[in-house]
Structure formats: structure tokens, C-alpha cells
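So the structure is just underneath, and the comments pick up after that.
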Amino acid sequence: MDYKYIEQLLERYFEAGTTLKEEQILKAFFEQSEEDLPAELRQYRALFAAMVQEDALGDDFDERLLRMTEENTQVKARTISLTERLKPLFRAAAIVAIVLTLSNALNQSMVDNATWVDESNYALEQIAPSANEPAMAYEQFVDTLISDSLSKPTGFIE
């Protein structure tokens, strides 16, 4: 048996060029038992078997689907206050404030620590000059002793 007409319809079907009547011819052809179909056309049987199952949806399928969607489309409106809208901004501002406070505290502790170190080095330099200048250190020591002794007269009874 020659199946050239069916093959031509299949080519036009895959190119989306068939009419509804031609698609019904293809569907009726592939409803035959598998033994009656030629071997080269058996691969298309599953495609047209799916078309037969599509018809099983029924004429009222659209109505049933619309009823199902209408039942689940109840929308509840909710008013959002200004504070609820600004909550993310409040949270962001709080995070920025915490970060700035911590960085300021860390910076202040570093500045205080550096000032203390500088002041202590300065105080040590005032008391004891560097070890490279022993003669200057001796003169300062003598001057300090002399000034202390001159400022406090001893031996006089008041």
C-alpha cells in the first residue's frame, strides 16, 4: 500500500500548513493498530495518540478551569502604614549609627594611646637626655641640684 499522501500530510503538519480536516485524517490514520501501520510511520503514532487524549478533556474544560481559577482569586487588600514602609530605612540607619559609633570609639582609643605614648616619651626626654650626650646630662643634673639648694636656704632659723 502506498502512503505518500500520509507522508505529505506529515510534512505539511510539521511545517504547520495543514487544515483541521487534514489533521483529523492524520489522527484517524494513526488510530489504527500498530500492526497495520508501516514501520517508517510507527514513530509518529505516539504524537497523534496524544491528540486523541486532548479530546478527552471535554467541551466544558474551559468552564471548569475558569471556575477553579475564580475560586482562588480572592485578593485581600492590606493598608501599609508609613512606619511599616520606612522600617528598612530605620534598620539601615541603626546599622550606620552602630558602625560610626564603633569606629569613633576605636579611633579615639588609638588617639589616646598614641598621645600617652608621645607624652611619656617626652617626659622621659625631659628627665634624662639621650645617652649620646653625657656631658649635657651632667650639667643639667648639677644645675638642678644648685637651683634646688639655692631656693631652700639651710642653716637659718626663722
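Rule-based calculations on the coordinates, nothing more; no lab input. Computed from a predicted structure; not experimentally measured. We place every Cβ from the backbone using ideal geometry, glycine too, and count neighbours over all the protein chains shown.
By how many nm would the segment from Thr19 to Thr83 lengthen if fully extended, with 0.36 nm per residue of separation less the alpha-carbon distance?
Taking Thr19 through Thr83 to full extension adds about 16.9 nm, to one decimal.
Measuring from label point to label point, each 7 Å out along Cα→Cβ, what is the Thr69 to Val99 span in nm?
Once both label points are built, they end up 4.6 nm from each other.
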